[in-house]
Every structure is written in C-alpha cells, then in structure tokens.
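Since the structure comes first, as structure tokens, the remarks are kept for the end.
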C-alpha cells in the first residue's frame, strides 16, 4: 500500500491514496469513524485533506494509513437519478473521439453508475467517476467563455454538470433541468462526495 | 464588501471558505467594539470607504495603517469611537498595506448565506459588493464594550513564514532556494482569490500532471507559468497545480495586506509544536 501522509500547513494533512477508488472508500470509512479531532475533510482525485486543531497523534496517523476502504453497503450510498436531454454541442465530436455512434455514447453514459469523487471548481460541482473508461475524452482545445447552467459534460476520466452559467472547457453532451445547487435546499448541493449518479435519457 | 470569518467546513461541496483576507484585523476591530470576533464588518481595499451613520454607533477601523476622518477631522484608527447620527466616517488610502476593516458595534446584519455574511468573489455567494447608497442594517450589541478602547497598530509584514507544502518534492532544490531568496513583486492581477507574484520561476522536478486535490488559504501554488501565487480566502477549493509551500496561519493574514507593486519575501517558519517552548 502506497498511502502517504503529506504536510499541508499548520493544521492540515494530505492523505494520499493509491487512486480514486481507494480515496472514495477511505473517505467513506473516515465519515463512518467521524473522528472528533478532524474538523474538515476535503477529498480530491486521489487525496483527502484533513484539518485538525492540533497535530494528529502518531497513533492516529498510523490508523489513517492503515484504514480499510469501505464500499457502499447496499442502499447506504445516496443515489440520484438525473434526467438528461442528450443534445449537447459536442456530442458528435465525442462520438468521433471514442469511435462510437451518438446513440452508443448516450447508452455508455446512461449505462454506467457515476460516483462523485469530490467537489470543486464551483459550489455544487461534482467530479463524477464512471465504471469504465469508454467515454474518456480530452477537454476542449478552446474552452467556452459561457456554458449554460445544467450542461452535462465529459473531460478526462470525469463527467460533470455545470451548476450555473460560467466558463468551461469540458465536452458538452447534453443538459439537465435538475437543480445542482439551490441555496433554499439543505444541503444546497445535490451532489456530495460518495453520491452515486445514474443518468436517464429524456426524449426530445 | 461585507466580510466575517467565512463559511467553514463546506469545501467538500465546492464552497470556498471566504471571509476576511486579514482575519486578525477583523477580529481586533470586532473586539474593540465589543462584538463577537466573527461578527460581520466591512473590508475595503486602499481606503476609499465613506459611511454615514443613521443612528448612534460605536465603530473601529483596523488593518493597514491609515487615516480615518470623522466629519472631516482626523481621528485615530485601531480605537473604538462613537459615531453620532448624521456623522460621516471616511477611510483614507493606507500608506502601506492594503485592507482596512470597519467594525460596527452590533455587527453588520445582512442576511447570511450558508452561515456567513461574507462576499465570495469567485462564486458570487454572499452579499453584493457595496455600492454608493447601500444601507447596511446593524444588530444589537451582545457584549459590553471592552475596557481597552485602543490597540497597537501593527505594521504590515513583508517577510512571511512558510512551511514546506505537500508537493515540495515536485520542485527542484533550486526552486526551493529561489522561493526563499527572491524579492517577489506583487502583481496587480491579485485579488481575494490569489496574490500573484513575479520575480522568478520555480522549476519542477517532474512533468507529471497533478490529479486535483484540496487547496487552502495561504497555499503557495505554482501553475504552469512557474510563477507562484498565494491563495486567498476566495480560493478554488481544489486545484490541479502543485503547492510548494504553505504560509503559517498568522502570515496568511499578512498576505491579505500585500499591495500590488509591493515586495514580499518568504522565510522558513521555525517549527512550533504545541507544548514546546516558544509555542504561542
């Protein structure tokens, strides 16, 4: 196991895991443990940032390095179904890039479960990791200055949904009318680390 | 703009911590007027703030050393003072440093967003930046005024203490030396998201791309340009470029006072472990 603990400021530590899958599993285990001295946990693609008021004890550090990742027991991972109109500007480009037809791209997107690895970039933006690498595509060579809210995109190993209008460089394959970020909702973010997402194609 | 101590503990949802760029100055201003330290106050850059009291208010101005005028007359900063109804307070541009904090007894009582009244310039969360004519509601005092109504004016510091960051090993030893020996110039492209620096290039020891990981206030990140930046309170919560060093908590506040055109140097922080001599 090549997990490492890296220093990150006076009150922070970066727990580096093998890969995203291990990171998601370790995050679940940490959430279950609910350590008193850890005041904040921020996952990344292969790391979890931990903030504590005091430096963690050597024993606690050892525990972090040896913690068994947890897989979602049946029904314990929050599941969200998101309806998508697959009418994105880049759907044809994506099909060409991965060597499939447009319909096959849609089937690949809806046919696998996507797990929120971490959030970043903007409030409510979740980086979704799929079950296979069928839809792995590079970012657009020229990012757009304005991507409509609800746009569903692909980049590298990720899928994601833009919570609000703004600049973006991902390949857009569709849009959803579902609200990803709503300040009147608790929690305001629809997607949180560990949430499992299934996309459903809406006709038309 | 309105700032308090920010939105803690929500970074995992993509929400930046935000809050005052110079947290200790905000806390001091609040203490001077008998507020809880996390009450909302006004943060302004290079002075330029003028407010009129519509009722009797106790106020204090802290942060960068500057002149404060009440009805045109110079009064002290870093002191609590009464502002009578109809009186105008103006904060002049500071001679050094960047940001001033105006606290009012009772706190600025605009509606909070996600538990904070701070304006986040990256995401747009929180109150709109203040414009001429904006009226700010003030709350009721919660604590007595302190016995001390004066505080020492701390000069902005331009040598800031750092600890090695999580990706120190992504950089050459030359890069580390360059970080600690350069007189970095603060770029005018700096804001609450990041203080951008010019003056040297920090060489990578590996061409790898960094899988996105958490970023923190005070982190010194090196994007593909090789020019370092210091993340401020409105930093993006994750990033794909390596962090070579991290400011101490206290010196992250001093970073909030770095002026475009000014200079900053970094020095390795002496380790202060809890319980050891010299630990504050």
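None of the figures in this text is laboratory data; all of them are computed from the coordinates on show. No experiment lies behind these values; they were computed from the predicted model shown. Here the Cβ is made from the backbone with ideal geometry for all residues, glycine too, and neighbour counts use every protein chain on show.
Kindly express, to the nearest 10 degrees and within the range 0 to 90, the angle between helix B:23-32's C-alpha long axis and the longest C-alpha principal axis of chain B.
Around 20 degrees separate the two axes.
Using a 7 Å offset from Cα along Cα-Cβ at residue B:93, what residues in the range B:228-264 end up with backbone N under 14 Å from the label point?
B:259-262
Using R₀ = 35 Å, calculate the FRET efficiency as 1/(1 + (r/R₀)^6) where r is the Cβ-Cβ separation of residue B:147 and residue A:71; round to 0.05.
Values: r = 58 Å, r/R0 = 1.67.
E(calc), rounded to 0.05, equals 0.05.
Could you rank the peptides B:101-110, A:17-26 by their average count of other C-beta atoms within 10 Å per residue, with the highest value first?
On the way: B:101-110: 22.7, A:17-26: 19.4.
Output ranking for B:101-110, A:17-26: B:101-110, A:17-26.
What FRET efficiency, computed as 1/(1 + (r/R0)^6) with R0 = 56 Å and r the Cβ-Cβ distance, is obtained for residue B:198 and residue A:113, rounded to the nearest 0.05? Don't skip to the end; give the middle numbers.
Details: r = 46 Å, r/R0 = 0.82.
With R0 = 56 Å, the Cβ-Cβ based efficiency is 0.75.
State whether chain B is rounded, prolate or oblate according to the following rule on the C-alpha gyration tensor (a ≥ b ≥ c being the square roots of its eigenvalues): a/c under 1.5 gives rounded; otherwise a/b larger than b/c gives prolate, and the remaining case gives oblate.
Details: a/c = 2.02, a/b = 1.81, b/c = 1.12.
Cα axes put chain B in the prolate bin.
Between residue A:80 and residue A:131, 0.36 nm times their residue separation minus their Cα-Cα distance comes to what? Mind dumping the intermediate values first?
Numbers: separation 51, 0.36 × 51 = 18.36 nm, distance 1.59 nm.
16.8 nm is the gain from fully extending residue A:80 to residue A:131.
What average count of beta carbons from other chains do you get within 10 Å of the Cβ of residues in B:55-66?
Numbers: counts 0, 0, 0, 0, 0, 0, 0, 0, 0, 0, 0, 0.
Other-chain Cβ atoms within 10 Å of each residue's Cβ, averaged: 0.
Would the range A:1-103 count as rounded, prolate or oblate if I go by the C-alpha gyration tensor, calling it rounded below 1.5 in a/c and otherwise prolate when a/b exceeds b/c, oblate otherwise? Can you show the working numbers first?
Details: a/c = 2.68, a/b = 2.20, b/c = 1.22.
Here the range A:1-103 falls in the prolate category.
Tilt of helix A:20-33 relative to the longest C-alpha principal axis of chain A, in degrees (0 to 90, nearest 10)?
Around 50 degrees separate the two axes.
Which of A:82, A:48 comes first, and how do the rest follow, when ranked by fewest Cβ neighbours within 10 Å?
Numbers: A:82 21, A:48 25.
Fewest-to-most ranking of A:82, A:48: A:82, A:48.
Divide by every residue of the protein assembly as shown the summed helix terms, -39500 (n - 2.57) for each DSSP H run of at least 4, and state the resulting mean residue ellipticity at 222 nm, rounded to the nearest 500 deg cm²/dmol. Intermediate values should be presented prior to the final figure.
Working: 7 runs with 66 residues, N = 484.
That calculation yields -4000 deg cm²/dmol at 222 nm.
Hey, with R₀ at 30 Å, roughly what FRET efficiency would residue B:110 and residue A:34 work out to, going by the Cβ-Cβ distance, to 0.05? Before the final figure, lay out the partial values.
Values: r = 33 Å, r/R0 = 1.11.
Once rounded, the FRET efficiency stands at 0.35.
Modelled label-to-label distance, residue A:53 and residue A:19, 7 Å Cα→beta-carbon offset: nm?
Once both label points are built, they end up 3.9 nm from each other.
Which of rounded, prolate or oblate describes the range A:85-166 when judged by the alpha-carbon gyration tensor and an a/c cut-off of 1.5?
Taking the square roots of the gyration eigenvalues as a ≥ b ≥ c, the range A:85-166 is oblate.
Grab the Cα-Cα distance for residue B:50 and residue B:74, subtract it from 0.36 nm times how many residues apart they are, and report the gain in nm with one decimal. Show your work: numbers first, answer last.
Details: separation 24, 0.36 × 24 = 8.64 nm, distance 1.36 nm.
Residue separation times 0.36 nm, minus the Cα-Cα distance, leaves 7.3 nm.
Please order B:57, A:142 by the number of other Cβ within 10 Å, starting at the fewest. Please list the in-between numbers first.
Details: B:57 19, A:142 7.
Fewest to most other Cβ atoms nearby, the residues stand as A:142, B:57.
Counting other beta carbons within 10 Å of each Cβ, put B:170, A:170 in order, fewest first.
Details: B:170 20, A:170 25.
If I rank by nearby Cβ atoms, fewest first, I get B:170, A:170.
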